[in-house]
Amino acid sequence: MENDSKERFMRLAVALAKKGEGRTNPNPLVGAVIVQENQIIGQGWHHKYGDLHAERDALRDCRERGNDPSGATIFVTLEPCCHTGKQPPCVEAIVQAGIKKVVVGSRDPNPLVSGKGAAFLRERGVEVEEDFLRSECDTLNFIFFHYITNRTPYVALKYAMTADGKIATAAGKSKWISSQESRDFVHQLRNKYSCIMAGIGTALADDPLLTCRIPGGRNPTRVICDSSLRLPLDSQLVQTAAEVPTIVACAEPDCLQAQEGAALPAQNFLQKEKALAQKGVQIIRCGTKRVDLSILMQKLGAQNLDSVLVEGGGQLNFSLLQAGLVQRVYSFVAPKIFGGAAAPSPVAGSGVLEVADAFSLAQIDARKIGSDVLIEYKRQ
């Protein structure tokens, strides 16, 4: 099979994998294409968590078309699994179908699979070619690769700012800095990430819903960092908690110290906690005087929440960066200038004192969205 044909088949598998975006978490995005005599005889992808994996979905499609996969080649974006989870091992289905060759894009870092899937196939006479268009296939699953190796969510900051680096005017006005096209893109991100996180300051100032508003989209689990449980019971977040999963992360009540009169006495804190729970809000205690973000990430990961999109204010952004928890940054830059020494920027907190102490980023991509420019970075 010529290389240009192989690239076409694998790129189709990548495109198929993307169809599962927002549905497979915490599983990876995977696509598969079955080819015989340079013709596609079956294709599939992992549609959602718990459903058929891509290889079995492609074999199902192949048989529904009336095709025999015996002797065929399957192109799959990720090493086939060899363990039983929600579904049985895909390597067994491949062998039973009589597939003669497997072309793999990404290697699976999951300790239950890593290298074992390929070895299983080779031991049974199936030819395996690895790392084909690996970079393109790896791009599909940066969230999964982080989560499966760390067991904590992949964290991305998202903010929109003016050309002079402001996220609001000196009077606190921010609607709208970014274009409609940029805001539509953010809803695609909300569909992609398992959680959306904001601080109590954002929740009090904006009373947001933090839902995904694209047709067929999936609402992320909403996570509010609220050390002393100031979130009002009549807020949109609380009032919709029965329909949209909502978590409030707070400090231990016995450890709270009043800050600007915001903290509740322990008895009132427990009453507020109970009232929130009755509305459907899950309470996660983590920290003493304030939410410990590292502990919070561990607890979210333990709930199979593999990723967090942060749409908070400058203090939350700085705290996450300072704790070393950020893996990615989506920076929308609008063609506007606000000025004003008091106008807030995307990252607040105490900041760094030396240039050498800056949080270093590597640019992944830059592209125009509407009238804005979106720059994507990853933490170095």
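The values are calculated or read from the model by the stated rules, or taken from the named source; none is laboratory data. Just so it is clear, the model here is predicted, and its values are computed rather than measured. In this analysis, Cβ positions are derived from the backbone assuming ideal geometry, glycine residues included, and neighbour counts consider all displayed protein chains. Surface accessibility is based on the protein's heavy atoms, side chains included, excluding ligands, DNA and RNA. Shrake-Rupley method; radii C 1.70, N 1.55, O 1.52, S 1.80 Å.
The figures follow:
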read-out	value
Among Lys368, Lys19, Lys100, residue whose mean-square fluctuation peaks in a GNM of the chain (springs only between Cα atoms under 10 Å)	Lys368
Accessible surface, 1.4 Å probe, highest first, among residues Phe359, Phe145, Phe332	Phe359, Phe145, Phe332
For Thr246, residues with placed amide H under 5 Å, excluding near neighbours	Arg222, Gln282
Residue-level accessible surface for Arg63, protein heavy atoms, 1.4 Å, Å²	130 Å²
The stretch 1-116 - share of DSSP beta bridges that are antiparallel (%, nearest 5)	65 percent
Computed E for Ala171/Lys86 - FRET, C-beta separation, R0 56 angstrom, nearest 0.05	0.65
Tyr159 accessible area, assembled protein chains, probe 1.4 Å, Å²	40 Å²
Accessible-area ranking of Arg218, Arg8, largest first, probe 1.4 Å	Arg8, Arg218
Segment Thr288-Glu127, length gained on full extension (0.36 nm per residue, minus Cα span)	52.4 nm
The chain: angle of helix 266-278 to the longest principal axis, Cα-based, in degrees nearest 10	40 degrees
For the chain, projected area of the alpha-carbon convex hull averaged over all directions, nm²	21.3 nm²
Count, lysine Cα pairs under 22 Å in the stretch 98-201, 8 or more residues apart or across chains	7
Average projection area in nm² (convex hull over Cα atoms of the stretch 7-123, one quarter of hull surface)	6.4 nm²
Projected area averaged over orientations for the stretch 204-343, convex hull of C-alpha atoms, nm²	10.6 nm²
Probe 1.4 Å - accessible area at Arg230, Å² to nearest ten	100 Å²
Rounded to 10°, Cα long-axis angle of helix 180-192 versus longest principal axis of the chain	70 degrees
The stretch 264-380 - convex hull of the alpha-carbon atoms, volume per residue in Å³	189 Å³
